[in-house]
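Just so it is clear, none of the values below were taken in a lab; they were calculated from the coordinates. The structure displayed is predicted, hence computed values, not measured ones. Note that we place each Cβ from the backbone using ideal geometry, even for glycine, and neighbour counts take in every protein chain shown.
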Amino acid sequence: MNQSTRAHWSGRIAFILAAAGSAIGLGNIWKFPYITGENGGGAFVLIYLACVAVVGLPILLAEVYIGQKARRNAVEAFELTHKTGTYWRVPGWLGLASAFLILSFYSVVGGWILDFEFRSIINEFGGKSANEIKGTLTSLFTNWPRQLFWHTVFMSLTVAIVLGGVKDGLERWNKILMPALLALLALLLVRVMFLPGFGQAMSFLFSPDTSKLKAAGILEAVGHSFFTLSLGMGALITYGSYLKKKESLPKIVIAVAFIDTAIALVAGIVIFSIVYSFNMAPGAGPGLILVTLPTLFSQMAGGYIISVAFFLLVSFAALTSAVSILETMVAYWTESHNVDRKKSALIVGVVIYLLGLLSVFSTNLLNSPQFKMFAGTLLSKNGLTFFDLFDKLTSSYFLPIGGLLIALFFGWILGEKAIKEATKSDNKLLNKGLLWSARIVAPGAVLDVLLNLVFEWSVLRWLFGMVFG
Ligand code: PHE
């Protein structure tokens, strides 16, 4: 596409909505609660929050800036802001690899949500007990044709939206459905405040107990701060590339990170209130939200409508994130290889769809010891299904490493001038603070956490132990 005819967002609010649309998704509502549950709560949440603030924000700013400046896709943006052929394209390529892997399992989980939307519409959960709902979930996991069907639907919708063009397709719906999701979550929050397990949920989430957190859990918290903010993969470079040059960035990125975090925390409070009110297990794994929420809906006044609305809005949130992942790849193939936009969306969509089959089969055909991989490695002690593998590999390794490289590129290669341009401010404290967090703090934190995993010793852990130990 020619630079001058390149699509762009209609303005600042539209960009905030699009970036928030990318950030807010299954990561907040499905993944955050379940990995928090698996990792013992408070300490995990604290690390995640610290990472969003200290590591996430500067990288978020860096990505949007690089995209906005280069007005180009996630690989070439590094060349255009630096020089042609630079090895700094590596984070761009790593990002494409992440995008493939993430979207392949993301679409399968998106499919689970669509399935639950369907079951809500036909009122399958009305009057059911927690145990019966658990049975429904187990039957979905073991029923691969049903998962395949919904994976097909989810991936087709994603491709269709990308074909329609990100700007028109998303802008209109984002404006209505995102605030609706916020409102519904607020309503659920008020509702769970009256549940008996609310207090226990709050202390589970907000009182850190470091003894419950292992090195892999710390890495998972750091990785999740990348996943949930759509960082380290070039999605926000791509979205930033459709942002007009005159928009200033710091307020935008703070707004996006703030909404994203607020949604995750509210989702967490809602879900753990249900967990503790109905005697469920916090560490139930990837099916956590699919057991807890329908249990609440089935007993709540207006539960039918709320359930239908909820799964609809979450499906939409998941789609807007999936679209940003696909768009990252499509922008690259259309711009760098002159492939027609339609053709690249279709081809990439099909390849990811096929890769997704491995995740579809992960809860049934391939869920056996013979097919579990990487037992006894840094990735897993007990063996991983493809689904777990793609998730862990990207969230815990590819995204943080991509983010680390982007931070270094921003801090050391583009440096002070770029930071001033990005903040559009002369505030020395802000600019210097950002410069050194891009140069040292953000990459240092990621390295430290990896160090911790390998050697079981790290600076952060030591500090954490001093403060809370
Ligand atoms: N941030 C999205 C979510 O929380 C997922 C995502 C990851 C989107 C990486 C784009 C890039 O659901």
TODO: Quote the convex hull volume per residue of region 257-381, based on C-alpha atoms, as a whole number of Å³.
DONE: 194 Å³
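First obtain the Kirkwood hydrodynamic radius of region 191-256 from its Cα pairs, then insert it into the Stokes-Einstein equation at 25 °C and 0.890 mPa s, and state the resulting D in µm² per second as a whole number.
Value of D from the Cα-based Kirkwood radius: 158 µm²/s.
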Open item on the list: I need the calculated FRET efficiency for the pair Lys381 and Lys246, taking r as the beta carbon distance and R₀ as 51 Å, to the nearest 0.05.
Closed with: 0.50
- [ ] Find the centroid of the Cα atoms in region 412-468 and in region 302-329, then give the distance between the two in whole Å.
- [x] 33 Å
- [ ] Return Glu327, Glu38 ranked ascending by Cβ neighbour count within 10 Å, so the fewest neighbours appear first.
- [x] Glu38, Glu327
- [ ] Please give the FRET efficiency for Asn364 paired with Lys214, using the beta carbon to beta carbon distance and R0 = 30 Å, rounded to the nearest 0.05.
- [x] 0.55
Task: At 1.002 mPa s and 20 °C, Stokes diffusion of region 3-356 via Kirkwood alpha-carbon radius, µm² per second - done: 104 µm²/s
Open item on the list: On a full-extension model of 0.36 nm per residue, what is the gain between Trp436 and Trp462, subtracting their alpha-carbon distance, rounded to one decimal in nm?
Closed with: 7.2 nm
Task: Extension gain (nm, one decimal) between Val90 and Asn123, 0.36 nm per residue minus Cα-Cα - done: 7.0 nm
Open item on the list: Can you tell me the orientation of helix 250-277 relative to the chain, as the angle in degrees between its alpha-carbon axis and the longest Cα principal axis, to the nearest 10?
Closed with: 10 degrees
Open item on the list: So if each residue of separation counts as 0.36 nm, and I subtract the Cα-Cα distance between Asn279 and Ser207, what length gain in nm does that give?
Closed with: 23.9 nm
- [ ] Pairs to check: Lys212/Lys432; Lys69/Lys432; Lys246/Lys392; Lys342/Lys392; Lys343/Lys372; Lys31/Lys432. Give those whose C-alpha atoms are more than 28 Å from each other in this structure.
- [x] Lys212/Lys432; Lys246/Lys392; Lys342/Lys392; Lys343/Lys372; Lys31/Lys432
- [ ] Please list, or write none, the lysines whose alpha carbon is within less than 16 Å of the alpha carbon of Lys251, excluding same-chain residues fewer than 8 places away.
- [x] Lys420, Lys424
Task: Helix-only [θ]222 nm of the chain, DSSP H runs n ≥ 4, -39500 (n - 2.57) each, per residue, nearest 500 - done: -22500 deg cm²/dmol
- [ ] Return the distance in nm (one decimal) between the two label points of a simple spin-label model at Leu187 and Leu354, each offset 7 Å from Cα along Cα→Cβ.
- [x] 4.4 nm
TODO: Please name whichever of Gly42, Ser156, Gly95 sits farthest to the positive end of the charge dipole of region 3-356, dipole taken about the Cα centre and charges placed at Cβ: Lys and Arg +1, Asp and Glu -1.
DONE: Gly95
